[in-house]
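The values are calculated or read from the model by the stated rules, or taken from the named source; none is laboratory data. In this text the structure is predicted, and so the values were computed from the model without any measurement. Here the Cβ positions follow ideal geometry from the backbone for every residue, glycine too, while neighbour counts run over all protein chains shown.
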């Protein structure tokens with residue numbers, strides 16, 4: 001296994017663990033705590049999970065690269081970590097849906113319509129909204145639509161973070177500690193063989 005693949009699996013796995021915990025919280029608390037289901041909370045958790053992209057790229061630079069990493073390598077590693085976390089997010093969400101008998105979309109539609117009624121929308125507006133939501137329910141039932149839809153929830157966080165992880169191409173940014181460099185198996189050209 002190459003070091004790049006190893007780091008991708010480790011840090012993608014750590015990001016996936018955070019995302020799995022988030023989905024578990026949604027599953028257990030979504031009826032009790034309203035903020036759990038908010039987009040702000042969801043994207044904040046995704047950002048925390050994707051912080052492992054930064055950690056993985058920096059760690060790779062410091063340990064494997066002796067404090068140096070090239071732009072394309074940093075970007076590729078960041079994208080691989082993000083891809084593993086994205087795939088895990090989709091699979092974990094599918095497991096959650098299966099475990100809850102796919103009730104998510106029904107709960108989402110019921111909640112949306114209840115909020116519309118509570119906000120005083122007219123019967124015609126609610127009827128149109130209900131028809132649109134029923135069309136969404138039909139689309140969501142198709143895994144060929146649902147899987148990419150789920151992936152697109154996390155991509156707006158994953159891609160910018162992977163791109164931003166290239167800041168570690170600058171070896172002066174959070175430089176490696178000497179003991180990390182000493183543990184590195186790679187040697188510079190000036191080291192005696």
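Overview of results
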read-out	value
Condition met for residue 94 (under 24 Å from the mean Cα position of the chain (by Cα), within 22 Å of residue 27 (Cα to Cα) and either touching a residue at least 60 places away in the same chain (Cβ under 8 Å) or in a loop (DSSP other than H, G, I, E, B) (or both))	no
Lone qualifier among 48, 68 - being modelled with pLDDT of 90 or more and closer than 21 Å to residue 88 by Cβ	48
Helices (runs of 4 or more DSSP H) contained in segment 103-193 and holding at least 2 residues outside the structural domain of residue 85 (by TED's automatic domain parsing), modelled with pLDDT of 90 or more and under 28 Å from the mean Cα position of the chain (by Cα)	123-140, 143-164
In segment 65-83, residue farthest from the chain's Cα centre (by Cα) [restricted to those that are surrounded by 20 or more Cβ atoms within 10 Å (Cβ to Cβ) and in a helix (DSSP H, G or I)]	74
Every residue from segment 15-25 that is over 9 Å from residue 81 (Cβ atoms) and in contact with a helix residue (DSSP H, G or I) (Cβ under 7 Å, 6 or more places away or on another chain)	16, 18, 19, 20, 22, 23, 25
Selection within segment 88-111 - out of contact with any helix residue (DSSP H, G or I) (no Cβ under 8 Å at 6 or more places or on another chain), over 17 Å from residue 139 (Cα atoms) and loosely packed, with under 14 Cβ neighbours inside 10 Å	95
Every pair of residues 6+ apart whose Cβ atoms lie under 9 Å, when the first sits in segment 56-84 and is without any contact (Cβ under 8 Å) to a residue 12 or more places away in the chain while the second is assigned to a helix (DSSP H, G or I) and surrounded by fewer than 23 Cβ atoms within 10 Å (Cβ to Cβ)	72/166
